[in-house]
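The values are calculated or read from the model by the stated rules, or taken from the named source; none is laboratory data. Here the structure is a predicted model, which is why all the values come from computation and not from measurement. Cβ placement follows ideal geometry from the backbone for every residue including glycine, while neighbour counts extend to all protein chains displayed. Areas reflect the complete protein model, heavy atoms only, side chains present, ligands, DNA and RNA absent. Shrake-Rupley method; radii C 1.70, N 1.55, O 1.52, S 1.80 Å.
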Amino acid sequence: LAALLISFLLWPVFKKQLSWNRIFIFSLFGYLFSGLLDACTSYGTSLLWPLSDQRISFNIISIIDPIFSLLLLAGVISASIRKNPRFAQLSLFMAALYLALGWLQHQRVEQISLQLAQQRGHHAERLLVKPTLGNLFLWRSIYLHQNTFYIDAIRLNPFTAESRLFPGEYITRFDSRHHQLNLAPDSVLQKDIERFSAFTSDFLAIHPAQSQLIHDVRYSNLPTSSLPLWGISFDPDKPEQHARYHLFRDSSRETRDSFMQMLLNQ
């Protein structure tokens, strides 16, 4: 349906260059592959919706990856200017290679994370590794052991397989029974928490400094930090009130410098 709508919009612009069928096929493939590309990111998407609301994320590139985006953009612009599809074909090939490199990096970092857990005498009940913003070198590793999330940063050179560990923080996993919220199953607040838990794939923790704020452990301003990028606050004494969403951005020079030091292996 979306491809059909876009085809109607594009037809007056491209009808001299492309047939209706080709415009529709291009639009259809664009929509089909956009979901798969979203699933390749560390944010993921509900790829099987409306059959399932499960969020699928392959974690092989970051949410925003300028290298991948520029590869595609360069192919479109070059092919348009030179009137030669080979530029677009080359761009797609390079983008596919970049995704393949991300998948290989993911597999390597995952093995390093499992070995790290074993060295600490831990059993990784759940494991998540994901690239940090805009690169395939620095990764965030999170594993669950005995109701505690252990967070580390791993820098892995994709060309030499040389790795470096930046030990991070750990934080207790959020469990409504353990934290004794005692909310009614059909209360507004309980449903909000369940919705947030589904959104985060149950990677939840209580904020270290705020006992009434649940946050998403998967994301932070630094790959070694347990401090959140976003979360929800609540009042357990008011179960019929909705939870409040909070965003925690830290663009300070100290945070930027710390990130770049890890990324550049300094």
In this structure, does residue 39 turn out to be within 30 Å of residue 166 (Cβ to Cβ) and hydrophobic (A, V, I, L, M, F, W, C)? yes
Practice task
Go through the residues of region 100-109 one by one and say whether even a single one is of a type in the set (D, E, K, R), farther than 21 Å from residue 156 by Cα and open to solvent by 50 Å² or more (accessible area, probe 1.4 Å).
Solution key: no
Residue pairs within 7 Å by beta carbon, gap of at least six or interchain, first lying in region 32-51 and on the phi < 0 side of the Ramachandran plot, second among the polar types (S, T, N, Q) and open to solvent by 90 Å² or more (accessible area, probe 1.4 Å), listed first then second, are 46/54; 48/54
Over region 22-51, the set of residues in a helix (DSSP H, G or I) and either among the aromatic types (Phe, Trp, Tyr) or over 22 Å from residue 92 (Cα atoms) (or both) is 24, 26, 29, 31, 33
Screening 36, 48, 10, 73 for residues that are surrounded by fewer than 16 Cβ atoms within 10 Å (Cβ to Cβ) and over 24 Å from residue 110 (Cβ atoms) leaves only 73
Exercise. Residues in region 81-99: is at least one open to solvent by less than 80 Å² (accessible area, probe 1.4 Å) and touching an Asp or Glu at 6+ places or on another chain (Cβ under 9 Å)?
Worked result: yes
In region 52-64, anything open to solvent by 30 Å² or more (accessible area, probe 1.4 Å) and either at pLDDT 90 or above or part of a strand (DSSP E or B) (or both) is listed as 56, 57, 58
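A quick yes/no check of all residues on (1) in a loop (DSSP other than H, G, I, E, B); (2) of a type in the set (S, T, N, Q); (3) open to solvent by less than 50 Å² (accessible area, probe 1.4 Å):
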position: 227; (1), (2), (3): yes, no, no
position: 231; (1), (2), (3): no, no, yes
position: 236; (1), (2), (3): yes, no, yes
position: 242; (1), (2), (3): yes, no, no
position: 245; (1), (2), (3): no, no, no
position: 250; (1), (2), (3): yes, no, no
position: 258; (1), (2), (3): no, yes, yes
position: 262; (1), (2), (3): no, no, yes
position: 265; (1), (2), (3): yes, yes, no
Given the structure, is residue 67 loosely packed, with under 15 Cβ neighbours inside 10 Å, under 30 Å from residue 201 (Cα atoms) and at pLDDT below 95?
yes
Filtering region 159-173 down to residues that are closer than 16 Å to residue 266 by Cα and in a strand (DSSP E or B) yields 163, 164, 165, 166, 167
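Here is a yes/no grid of residues against (1) at pLDDT below 95; (2) more than 19 Å from the chain's Cα centre (by Cα); (3) assigned to a helix (DSSP H, G or I):
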position: 92; (1), (2), (3): yes, yes, yes
position: 98; (1), (2), (3): no, no, yes
position: 121; (1), (2), (3): no, yes, no
position: 144; (1), (2), (3): no, no, no
